[in-house]
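Structure, as structure tokens:
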Protein chains: 2
Amino acid sequence: MKEQKGQEMKRLSLKDVARMAGVAPSTVSFVLNGKARQMRISEELAEKVMAVVKKTGYQPHSVAVNLRTGQSKTLGLMVESISGSFFAALARVIESEADRYGYHIVYCSTENNATKGGELIKMLSRQQVDGYLITPAAGMEKDIQQLIAHKRPLVLMDSYFPDVAAPHVLIDNFGGVKQGMEHLIDRGSKQIGFVTVDMNLVQMQERMKGYKETLRSHNIPVKNKLILELPYDGDKEASVRKIRQFIQTNKGLDALFFATNYLGILGLECIAGLGLKIPDDLAMVCFDDHDIFRLYPPGITVVQQPIDDIAKTAMQLLMNQLDKSQRALRKTKLELPGKFIKRGSS
Amino acid sequence: MKEQKGQEMKRLSLKDVARMAGVAPSTVSFVLNGKARQMRISEELAEKVMAVVKKTGYQPHSVAVNLRTGQSKTLGLMVESISGSFFAALARVIESEADRYGYHIVYCSTENNATKGGELIKMLSRQQVDGYLITPAAGMEKDIQQLIAHKRPLVLMDSYFPDVAAPHVLIDNFGGVKQGMEHLIDRGSKQIGFVTVDMNLVQMQERMKGYKETLRSHNIPVKNKLILELPYDGDKEASVRKIRQFIQTNKGLDALFFATNYLGILGLECIAGLGLKIPDDLAMVCFDDHDIFRLYPPGITVVQQPIDDIAKTAMQLLMNQLDKSQRALRKTKLELPGKFIKRGSS
DNA sequence: AGGCTGCGATAAATCGATTTAGCTAAAGGT
DNA sequence: ACCTTTAGCTAAATCGATTTATCGCAGCCT
């Protein structure tokens, strides 16, 4: 009974509201933005304006607001691949957090490709996003550095570059692996293998360090034979073959630590294929949880990432930067503890 | 060597480019938008402009363009929950498709809440998205209807409302279930149970219909005892209990068809908990694939959704609507065949 | 009475593009 | 020589808001 008069009914503009209320556009703007008092608009007039606004259901044209204020109220979220469970879960929390702060999300996936990542950053900046939430791919340091140089509000998640002073929040990779490793050692595993991926990112290096140092601190020698570093090229078949071979050639192997859930899942396939029993023939711990690990009998022990905390903290950090009053706190580095969850596999 | 002169270096505007090239802003605009010929700008001048554009790396301010042209080059993608595997996979394909067409995605999740969905639609329209890609939650018919009434380009995915003439693309739910059921019947299952969820959406009704009609067409009586309809309230514990009870009370049960992958996963938990062997004690088929089903021994037979096709087709449909030249083809209904994948569970 | 202050509201500039209408000079027609 | 085209380019309006600078008027002071 109110919307469709003619047929194409142009959207109501602030000017229209002003005309209907019999005031100037600026007055409407002040009232709507809570600057009525400051601009000393009388109560009376303010109410008249609000009445028209309510009656018409006027909503400001956000693009126009954006152009004028330079604030898009939009954040760019860049993940490796939205279909990965970790990233999807992250995205979910980020979205709802952003909503709480009155921001929208434009998301995009790098597919672990630095070139694509770089282009996406350009795309996002062309889109005038107010801030960036990025899980960086290897090789994106230049792009990140540039964002910093341009003083763009930015938070990295899941990884970071040691040479680039960007705020970042991620799990304590070293500590997480250490926790899992000590558990394996405590339960009596003697020959613990480590399956990781050859990716030039700090989180993988930290996990590796966690593996080696925990062994050393228990006076267990680190043998290179027990470390399998797979190429990150997405060739599942080849990886499965290599893991199988790795298990077969290491005779005394009694436990495996997988550095990512993706690897852990491949590992499960191999172990099942070889007819080995978990945990009797081979114990297993995996970094980063996954639905499968809860269900796959007998349940896989994992170090779970604190996804909620990561997302919320990252958001907080970003909001701090967006809050012009308190710029300056760059270089924030946050490592959140992972959660060790013991299941049947160890 | 070129970017940072002063310190706050305002972004280059079209006007700046014009000044540098010694021409009028309008000229630059024409050249950049391929209207040079039409506006009879000389080759010579056009080249001069392009030279400046290249040298400076000028990029138009998309918000300004958006305001002037009314095109945001942004699409709204609304899914039930981005962390669901089906939706995440869908989002992934949609993103890359959108990119191909030069569009960006603003995404948001309904969390299966019609109220939230309605608000999100408002949010998206305030954001001036050019089109909507929606997997609707129950109860959103009014909102969808309104979008249609406002002639908004729109495509529904995964579900639709029989009473609302909106273009939609989804799997052939009936046919998919039928395929799975016939497989179970062929392999000799006599008492096939059906576990579904009480959601008032057409796809669930179609799946139920698929179950019942396939039985009838094979002259097998449909027994209500063999149908379990769980409430959709996210209470996992309760659902697990009910499924377990369902299995225990139906003595002759030799196969289960799960109407969603979420239910299937719960089912796995129950079956494992009861110590039953798949497929010997109980065969199983699930609608909608999931990583777990590939891996969980002995592998779960599924009807896989054609996610790629759904996404690509939906995008195509949306682009058709955005292409003003050929409006009018509303009411497109597309049901794509699912892919039956036999694994060890049946 | 003239100048100053404070109040209440507005006119006009601005953000950065697109697009319509128009302007100037040269060419063509009679 | 005068009028009409046409080519080549630009001025100015516009999209829909925000924000700065004013403006008129009433009251107060001297």
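The values are calculated or read from the model by the stated rules, or taken from the named source; none is laboratory data. This one's a predicted model, so the numbers in the text were calculated from it and none came from an experiment. Counting neighbours? That spans all protein chains shown, and the Cβs are built from the backbone with ideal geometry, glycine included. What goes into the accessible areas is simple: the full protein's heavy atoms, side chains included, and nothing from ligands, DNA or RNA. Shrake-Rupley method; radii C 1.70, N 1.55, O 1.52, S 1.80 Å.
Looking at (1) among the hydrophobic types (A, V, I, L, M, F, W, C); (2) over 30 Å from A:Leu156 (Cα atoms); (3) touching a Gly at 6+ places or on another chain (Cβ under 7 Å), which one does A:Ala36 not meet, given that it meets all the others?
(3)
Restricting to the stretch B:87-101, name every residue that is within 10 Å of chain A (Cβ to nearest Cβ) and not hydroxyl-bearing (Ser, Thr, Tyr).
Within the stretch B:87-101, the first condition is being within 10 Å of chain A (Cβ to nearest Cβ), and the residues that meet it are B:87-96, B:98-99.
Listed by number, the residues that qualify are B:Phe87, B:Ala88, B:Ala89, B:Leu90, B:Ala91, B:Arg92, B:Val93, B:Ile94, B:Glu95, B:Ala98, B:Asp99.
Report every pair of residues separated by at least 6 positions or lying on different chains whose Cβ atoms are under 9 Å apart, first residue within the stretch B:50-73 and more than 18 Å from B:Tyr101 (Cα to Cα), second among the charged types (D, E, K, R) and open to solvent by less than 60 Å² (accessible area, probe 1.4 Å).
Close Cβ pairs (under 9 Å, with a partner that is among the charged types (D, E, K, R) and open to solvent by less than 60 Å² (accessible area, probe 1.4 Å)) amount to B:Thr56/B:Asp16; B:Tyr58/B:Asp16.
Exactly one condition in (1) within 13 Å of chain B (Cβ to nearest Cβ); (2) surrounded by 15 or more Cβ atoms within 10 Å (Cβ to Cβ); (3) assigned to a helix (DSSP H, G or I) is false for A:Leu12; which is it?
For A:Leu12, the failing item is (3).
If I filter the stretch A:47-94 down to residues being among the charged types (D, E, K, R) and touching a strand residue (DSSP E or B) at 6+ places or on another chain (Cβ under 7 Å), which single residue comes out as farthest from DNA strand C (Cβ to nearest atom)?
First, the residues of the stretch A:47-94 that are among the charged types (D, E, K, R): A:47-48, A:54-55, A:68, A:73, A:80, A:92.
So of that shortlist, the ones also touching a strand residue (DSSP E or B) at 6+ places or on another chain (Cβ under 7 Å) come out as A:73, A:80, A:92.
On the way: A:Lys73: 15, A:Glu80: 31, A:Arg92: 34 Å.
Once the filter is applied, the top-ranked residue is A:Arg92.
Out of the residues in the stretch B:268-292 that are under 30 Å from the mean Cα position of the chain (by Cα) and within 10 Å of another protein chain (Cβ to nearest Cβ), which is surrounded by the fewest Cβ atoms within 10 Å (Cβ to Cβ)?
So the residue we want is B:Asp291.
Hey, among A:Ala272, A:Ala283, which residue is touching a Ser or Thr at 6+ places or on another chain (Cβ under 6 Å), outside the structural domain of A:Phe86 (by TED's automatic domain parsing) and among the small types (Gly, Ala, Ser)?
Just one listed residue meets the conditions, A:Ala283.
Which one is most open to solvent (accessible area, probe 1.4 Å) among residues in the stretch A:33-75 that are within 14 Å of another protein chain (Cβ to nearest Cβ) and assigned to a helix (DSSP H, G or I)?
Only one residue fits best here, namely A:Arg68.
Scan the stretch B:197-208 and tell me whether some residue there is touching a residue at least 24 places away in the same chain (Cβ under 8 Å), open to solvent by 60 Å² or more (accessible area, probe 1.4 Å) and in the same structural domain as B:Asp289 (by TED's automatic domain parsing). Break it down into steps so the answer makes sense when it comes.
Initial filter on the stretch B:197-208 (touching a residue at least 24 places away in the same chain (Cβ under 8 Å)): B:197-204, B:206-208.
When the remaining residues are screened for being open to solvent by 60 Å² or more (accessible area, probe 1.4 Å), the result is B:198, B:200.
In the following step, the residues that additionally are in the same structural domain as B:Asp289 (by TED's automatic domain parsing) were identified as B:198, B:200.
Yes.
Spot the failing condition for A:Val17; the list is (1) within 14 Å of DNA strand D (Cβ to nearest atom); (2) within 14 Å of chain B (Cβ to nearest Cβ), and only one is missed.
All conditions are met except number (2).
Looking at the stretch A:111-128, can you tell me whether even one residue there is among the hydroxyl-bearing types (Ser, Thr, Tyr) and within 16 Å of DNA strand D (Cβ to nearest atom)?
Checked the stretch A:111-128: no residue is among the hydroxyl-bearing types (Ser, Thr, Tyr) and within 16 Å of DNA strand D (Cβ to nearest atom).
Taking the stretch A:22-46, which residues are within 7 Å of DNA strand C (Cβ to nearest atom) and within 30 Å of B:Arg11 (Cβ to Cβ)?
Within the stretch A:22-46, A:Pro25, A:Ser26, A:Phe30, A:Met39 meet the criteria.
Here are the criteria: (1) in a helix (DSSP H, G or I); (2) more than 10 Å from chain A (Cβ to nearest Cβ); (3) touching a Cys at 6+ places or on another chain (Cβ under 8 Å). Tell me which single one B:Met78 does not satisfy.
(1)
Here are the criteria: (1) surrounded by fewer than 18 Cβ atoms within 10 Å (Cβ to Cβ); (2) within 12 Å of DNA strand C (Cβ to nearest atom); (3) touching a residue at least 12 places away in the same chain (Cβ under 8 Å). Tell me which single one B:Tyr101 does not satisfy.
Only one criterion in (1) surrounded by fewer than 18 Cβ atoms within 10 Å (Cβ to Cβ); (2) within 12 Å of DNA strand C (Cβ to nearest atom); (3) touching a residue at least 12 places away in the same chain (Cβ under 8 Å) is unmet by B:Tyr101, namely (2).
Is there a residue being open to solvent by less than 10 Å² (accessible area, probe 1.4 Å), modelled with pLDDT under 95, closer than 25 Å to B:Ile82 by Cβ and within 14 Å of chain B (Cβ to nearest Cβ) anywhere in the stretch A:150-164?
No, that holds for no residue.
Being surrounded by fewer than 21 Cβ atoms within 10 Å (Cβ to Cβ), within 12 Å of DNA strand D (Cβ to nearest atom) and not in a strand (DSSP E or B) narrows it down to one residue among A:Ser26, A:Ser96; which is it?
Values: A:Ser96 fails: within 12 Å of DNA strand D (Cβ to nearest atom).
None of the other options fit; the residue is A:Ser26.
How many residues does the stretch B:293-309 hold that are within 20 Å of A:Gly273 (Cβ to Cβ) and within 14 Å of chain A (Cβ to nearest Cβ)? Before the answer, list the steps.
Of the residues in the stretch B:293-309, the ones within 20 Å of A:Gly273 (Cβ to Cβ) are B:293-301.
Cutting the leftovers down to within 14 Å of chain A (Cβ to nearest Cβ) gives us B:293-300.
Number satisfying all stated conditions: 8.
Within the stretch B:284-303, work out how many residues are part of a strand (DSSP E or B) and under 13 Å from B:Val177 (Cβ atoms).
To start, the set of residues in the stretch B:284-303 that are part of a strand (DSSP E or B) comprises B:284-287, B:301-303.
Applying the additional criterion that residues be under 13 Å from B:Val177 (Cβ atoms) yields B:285-287, B:301-303.
Total satisfying the criteria: 6.
Could you say which residue among A:Lys312, A:Lys339 is more than 12 Å from every other protein chain (Cβ to nearest Cβ) and surrounded by fewer than 17 Cβ atoms within 10 Å (Cβ to Cβ)? Don't jump to the end; show me each part of the working.
Working: A:Lys312 fails: surrounded by fewer than 17 Cβ atoms within 10 Å (Cβ to Cβ).
Every option except A:Lys339 fails the conditions.
When both residues are 6+ apart or on different chains and their Cβ atoms are under 6 Å apart, which pairs have a first residue that lies in the stretch B:128-153 and is closer than 16 Å to B:Gly70 by Cβ, and a second that is β-branched (Val, Ile, Thr)?
B:Gln128/A:Val63; B:Val129/B:Thr74
Just wondering, is there one or more residues in the stretch A:76-84 that are in the same structural domain as A:Tyr160 (by TED's automatic domain parsing) and open to solvent by 70 Å² or more (accessible area, probe 1.4 Å)?
no
With A:Ile265, A:Ile243 as the choices, which residue is away from chain B (no Cβ under 11 Å) and either open to solvent by 20 Å² or more (accessible area, probe 1.4 Å) or part of a helix (DSSP H, G or I) (or both)? Don't jump to the end; show me each part of the working.
Values: A:Ile265 fails: away from chain B (no Cβ under 11 Å).
Answer to the selection: A:Ile243.
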